[in-house]
Structure formats: structure tokens, C-alpha cells
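Just below is one structure, and these are the notes that go with it.
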């Protein structure tokens, strides 16, 4: 299927759990590049109402992306950069931003969304690379100070565990999850997969993106409506995503 000039895959699969109140999910997967590259997850962030897009990004492209995800676009910067996905964390309850975010960014996001928003005061400012969250749980890097865990739990409204994934501290890069499922670095072991699946409350599958890249967040933008992946993503990787996000 061609959607607004981009290559799209449309998949329907059964939902094995009834906790979402429906019997079937339809998952649209679009291949979409940002700034002429496949690393869409570095520059954007999304929940079920808003997609956060860098200031200056073409309005027509932003509106198409927002329409596809069934959300509203919010143009912003993060710490005065375009690296929104790498530096902020968002779910349907709240937003976490780094200590070096500027006050106008905080105020703009708060006013535009009405979400809970809080600043994590840590020397590590790439929060999106260090935290993976859905609406039930969050996996937080051991690089985040333990005294910040309660703040993360309260802002996002989730249960939190701290752990590495496949030996990496950058757990936000290694795991992507919605309330329909998730994917994890292919070298994660069975115990890691089980503990992360338990806290997030969804099935987790090993996988890659963009033709074999194991750093999944770099190439995936997903909410509970749709999924956008980098333009280098292969057919087998798309099939893996349909299985992983089957509920």
C-alpha cells in the first residue's frame, strides 16, 4: 500500500489477550525516513495523542506523519537540539526531560499536552536512550541514580526496574514497547527478556531494525495505533514486528 507517498505495510493479526477489550488489532507499518536517514527514533517521540517533532521540520511532512499515527504534531526542541527521541521519554501519562532542557521547552510541552512533566536531574541527559516505558512499566538504566526512580514512577505512572540489556546500559535504545508488545536487542538472554516482559506487561521478542541494526529505538516510532520504521527496514524485520506486537 502507498500511504501519502510512503511505502506502507498493512497487517491484521489476532490479539491473544483480551485485556485491551478487542479481539483483533490492525497494525499499519510505514517505512519513513527523517532528515534523509532511517533513524526516526532519534529525532521524534510519540504517545497515543501527540508526536513530538523538531522545530523547523517541514510542516507538510509533520502533518502526514501525525495523521498516520492518529495524533497531533507538537513542534519543539529538546535541550536546544533536534534529538527529541534520544533525550526525552513519553508515555500516555507523562513526559521526562533532561536537566539541560530550557525552560521554554518545559512550558511549551506542558501547555501543548497537559501531561505530567518532570525534569530528571542527572549528568546523563539522553533520557530516551536510558529509559524504555509503556503505560504499565519502565526499564531504566543503572546509569540513572536510584534516588530518581520514585520520580520516574510518579511522572510516568508506572512500575520501574533498573537493569542492563545485553550488557548495555543504554536500555532505551535496546527495547521498544507499546501496550501491544515489544522488541529487544537480539543478544538479550532469556532472563532479561522475561523480567522486562513482566514489568512492561507485554510479549517481548528479539529483533533488529533497518537491515540488521540491533539498536531498535533508533529506527522505530510506535504508539498503540501505528508504527513507523526506518526506510532500510527489511521484509523479515517487518514480519518480526507484526509477531512481536501481536499482544
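The values are calculated or read from the model by the stated rules, or taken from the named source; none is laboratory data. Since the structure is predicted, the reported quantities are computational estimates derived from the model, not experimental observations. As a convention, Cβ positions derive from the backbone with ideal geometry for all residues, glycine included, and neighbour counts pool all protein chains shown.
Overview of results
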read-out	value
Test: residue 240 is under 16 Å from residue 175 (Cβ atoms), in contact with a strand residue (DSSP E or B) (Cβ under 8 Å, 6 or more places away or on another chain) and assigned to a helix (DSSP H, G or I)	yes
Residues within region 95-129 that are farther than 22 Å from residue 178 by Cα, in contact (Cβ under 8 Å) with a residue 40 or more places away in the chain and surrounded by fewer than 17 Cβ atoms within 10 Å (Cβ to Cβ), tallied	1
Subset of region 60-89 (residues that are assigned to a loop (DSSP other than H, G, I, E, B) and over 14 Å from the mean Cα position of the chain (by Cα))	70, 71, 77, 79, 80, 82
Answer from 211, 172 - the residue that is closer than 30 Å to residue 31 by Cβ, modelled with pLDDT of 95 or more and outside any helix (DSSP H, G or I)	211
Hits in region 62-75 - residues which are surrounded by 17 or more Cβ atoms within 10 Å (Cβ to Cβ), without any contact (Cβ under 8 Å) to a residue 40 or more places away in the chain and out of contact with any helix residue (DSSP H, G or I) (no Cβ under 6 Å at 6 or more places or on another chain)	62, 66
Criterion: surrounded by 19 or more Cβ atoms within 10 Å (Cβ to Cβ) and over 26 Å from residue 117 (Cβ atoms) - qualifying residue of 220, 152, 238, 204	204
Test: residue in region 215-223 that is part of a loop (DSSP other than H, G, I, E, B), more than 18 Å from residue 48 (Cβ to Cβ) and free of Cβ contacts under 8 Å to residues at least 60 places away in the same chain	yes
Residue match in region 180-194 (condition: within 26 Å of residue 229 (Cα to Cα), touching a residue at least 24 places away in the same chain (Cβ under 8 Å) and surrounded by fewer than 19 Cβ atoms within 10 Å (Cβ to Cβ))	yes
The lone exception for residue 92 - which of (1) assigned to a helix (DSSP H, G or I); (2) within 19 Å of the chain's Cα centre (by Cα); (3) surrounded by 16 or more Cβ atoms within 10 Å (Cβ to Cβ) it fails	(1)
